[in-house]
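The values are calculated or read from the model by the stated rules, or taken from the named source; none is laboratory data. What you see is a predicted model, and the numbers here were worked out from it, not measured in a lab. Neighbour counts are summed over all protein chains in view; Cβ atoms, including those assigned to glycine, are modelled from backbone coordinates with ideal geometry. Please note that ligands, DNA and RNA were not included when accessible areas were found on the heavy atoms of the full protein model with its side chains. Shrake-Rupley method; radii C 1.70, N 1.55, O 1.52, S 1.80 Å.
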Amino acid sequence: MSAIIFDVLPIFLLILIGWLIVRIGVLTANVGDALSEFVFKIAVPLLLFRTIAGADFHGASPFRLWTVYFSGVAVTWTAGHIVATRFFGRDERIGVLAGVSSAFANNIFIGLPLVERTVGSEGLVALSILLAVHLPVMMVAGTIMMEHAERKISGKTDRSMALVLKQIGLNLLHNPLVIGIAAGAAFHVSGLTMPATVNSVVGQIAGTAGPAALISLGMALQKYGVSGNVGIASVTSAFKLLLLPGCVWAASRLFGLSNEWAAALVLTSSVPTGVNAWLIANRFGVGHSLAASTITVTTALGAITVSFWAYILGA
């Protein structure tokens, strides 16, 4: 257990350091936003490129991996939606936000450094395969369901599926993560090797992704906090930290994933709620406090629950 804590605790200590940097006024939150931009647009795409370009997939199919993870997402998202609308009496829009907050893991800023530290390169390969479709699937589902909920409440007709998918598709074409994964896959298929100097530079920049992501996340936490919706946020937080990884763990055993791939998926599903829940709330102008409260609560409790799942997995 002490070895697990040694692996997990530094992840959350870096988040705490980022939070303290802003809290005591060493740097402003705007600096954290700039650091986050560097992580999202430069460091993580290069990490994904490097991982995919040099990966050994052993002929494994990605479909079992995607089925394992997204079956857990489907169960957890549905549970969050039902609890919000049936037990707390909220409207359909808050139901969608509750589902997103329960099932959208922070795979980039916390999942990547956690899996890299606890599982290693084989785990990073599994996570990279997941990330190839994770953001598109989650954002398409969240956007379509939220638009449907809004138009249902207002009495308007839904936009055509083709228009929604076209808009999201165009956004994804400019997404640095998608570009990094696609470039890595192309490089992998080509069989080319990077010159030693280029490989060294790429490796050094990619190596900053984990620490920089965690510190920038901590610096951003000042904008969230717990503001109302404590009851429903407690439920969505429990779903995020316990139900989602529990479902992914069960599915990984059912579908017979390797120990490394199963550990990578369960650990990344157990991390706190991603900021994408806040972005969806901000885009549609509803559910800000629920998304913010869930992000804060899951981040505060994440070190305990991630350690629990690491112990279950023997990671």
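Output the peptides 96-102, 83-89 sorted from most to least packed, where packing is the average of other Cβ atoms within 10 Å over each peptide's residues. Numbers along the way, then the final one.
On the way: 96-102: 31.4, 83-89: 15.9.
Highest mean packing first, the order is 96-102, 83-89.
Which residue fluctuates most in the GNM of the chain (Cα springs below 10 Å): Leu242, Leu46, Leu163?
Taking springs between Cα atoms under 10 Å, the residue moving most is Leu163.
Once Lys and Arg get +1 and Asp and Glu get -1 on their Cβ, which of Ile108, Ala182, Ala291 lies farthest toward the positive end of the dipole of the chain?
Checked the options; the winner is Ala291.
What does the accessible area per residue of the chain come to in Å², with a 1.4 Å probe and no ligands, DNA or RNA counted?
Details: 13860 Å² over 315 residues.
Solvent-accessible surface per residue comes out at 44 Å².
Between Ser128, Ser293, Ser61, find the one with the highest GNM mean-square fluctuation for the chain; connect C-alpha pairs within less than 10 Å.
Ser61
Grab the DSSP H runs of the chain that are 4 residues or longer, score each as -39,500 (n - 2.57), total them, divide by all residues and round the 222 nm result to the nearest 500 deg cm²/dmol. Working shown, then result.
Values: 16 runs with 234 residues, N = 315.
After summing the helix terms and dividing by residue count, I get -24000 deg cm²/dmol.
Filter the chain for me: DSSP H helices, axial length by Cα at least 27 angstrom, mean Kyte-Doolittle hydropathy not below 0.0. List them by residue number.
Values: long enough: 2-23 (30 Å, 2.28); 62-82 (30 Å, 0.67); 121-154 (49 Å, 0.98); 288-313 (34 Å, 1.28).
Helices meeting the span and hydropathy rule in the chain are 2-23, 62-82, 121-154, 288-313.
Return the label of the correct value of semi-axes √(5λ) of the Cα gyration tensor in Å, as calculated from the structure shown, out of [x] 29, 23, 21; [y] 43, 21, 16; [z] 39, 24, 16.
[x]
Round to a whole angstrom and tell me the spacing of the C-alpha centers of region 104-126 and region 214-243.
Their Cα centres are 20 Å away from one another.
If you look for lysine pairs in the chain that are eight or more places apart or on different chains, how many of them have Cα atoms under 28 Å apart? List each step's numbers first, then the result.
Working: Lys41/Lys166; Lys41/Lys223; Lys41/Lys240; Lys152/Lys166; Lys152/Lys240; Lys156/Lys166; Lys223/Lys240.
Final tally of qualifying lysine pairs is 7.
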